[in-house]
Amino acid sequence: MSTRRPPAPLLDAALVAVALLDVWVHADASEPLRLVCALVAAFVLLLRRRLPRLTFLLTLPAVLLSDSVFAALAALYTLASLTRGRTLLVVCAVAFTFSDLVSLPSPGFDFSAPSTFIAMGYTAATAAAPVFLGQLVQARRDLSLRLAEISRARDHERQLTAQTVLARERTTLAREMHDVVAHQVSLIAVRAGALQVGSRDTDVRQAAATIRKLSVQTLEELRHMVSVLRTAGGDPVELVPQPSLADLRRLVDNSGIETELRTDLPDGLPPPVQRAVYRTVQEALTNVRKHAPGATAVVRIRHEHATVRVTVTNSPPTRPALSLPGAHHGLVGLRQRAELLGGTVTCGPTPDGGYRLSFALPVTGTR
């Protein structure tokens, strides 16, 4: 748990107070020059954050002329915590060491005496302590900044992940809207159009025209919604509930098309494969209703050499197709689904004027 630091002005005032105490202990009023230098060194600590180098230089005379060294050590610590120049710190530590040994105006050291080197080592260690402490504080501050940057980067990564998931959900929702909602609305429009053309009752024809008009408008709005949702992109994330092969018969029976269903698929196909087969048949029958009114269809689903093959073939239309809006996302969605599962989709007209859609998908893990 991080502790809260005291305010900077309060800390500076405390340092000045300790430095003045050091002056009171070591300075002599009978020596005004030394007293003034010591007092200047004490009060100049108020500038240590903004001008750390100048502050240290202004504290050196007090070290040279008196024994009041606390202000110089505090200035040296501040300089070490704010600068990255190692050479400058070494020079400042050496300057403090020799200033403390010289003690002007009467130098009191003799290099021929062993005690001089002992005193020099002690003074150098005293100067090195605030330097190392300041560098340690600087390293801790840099580490805190790096940790804050890492935390911000992780937050940004989480936001990107959430946006990616949302994009995938939008794309999947667009696909499901086209496969399910548009499928049902297009069936309503086709049935209403047939009722409008075939009925002799004026009221029924008007009601059918209204239903068809609303259905067409709904399909157009769905097309715009699907286009907006598809702009997000991303890999599909399946929604629930999802259809399976057990729902094929109901799909064919409710398609409004005379359809023959032939299937010999084994049990235990993976759910993604079952959904892909269902969506392929659904899209093919939807296209038959929209583009080949009155046509019949044959749905052939078989399992050959570890491959599921779906073929939907329709006969030529027997009456003109109704003009229904379409965004042409159906076949695109089928191809995307097939590519994700390692399969292929092919389609094209038949020689007799009909149309054939084929879907091939490799299957593993059946039981």
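Residues to consider are SER144, SER186; find the one that is over 30 Å from the mean Cα position of the chain (by Cα) and not assigned by TED's automatic domain parsing to the domain that holds THR286.
Of the residues listed, the single one that is over 30 Å from the mean Cα position of the chain (by Cα) and not assigned by TED's automatic domain parsing to the domain that holds THR286 is SER186.
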Under the condition of being under 23 Å from GLY85 (Cβ atoms) and basic (Lys, Arg), which residue from region 28-59 is surrounded by the most Cβ atoms within 10 Å (Cβ to Cβ)?
ARG48
Hey, among the residues in region 211-237 that are part of a loop (DSSP other than H, G, I, E, B) and in contact with a helix residue (DSSP H, G or I) (Cβ under 7 Å, 6 or more places away or on another chain), which one's modelled with the highest pLDDT?
ALA232
Exactly one condition in (1) of a type outside the set (Val, Ile, Thr); (2) surrounded by fewer than 16 Cβ atoms within 10 Å (Cβ to Cβ); (3) touching a residue at least 12 places away in the same chain (Cβ under 8 Å) is false for LEU11; which is it?
(3)
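The values are calculated or read from the model by the stated rules, or taken from the named source; none is laboratory data. Just so it is clear, the structure is predicted and the values come from calculations on it, not from any experiment. Note that each Cβ is placed from the backbone with ideal geometry, even for glycine, and that neighbours are counted across all protein chains shown.
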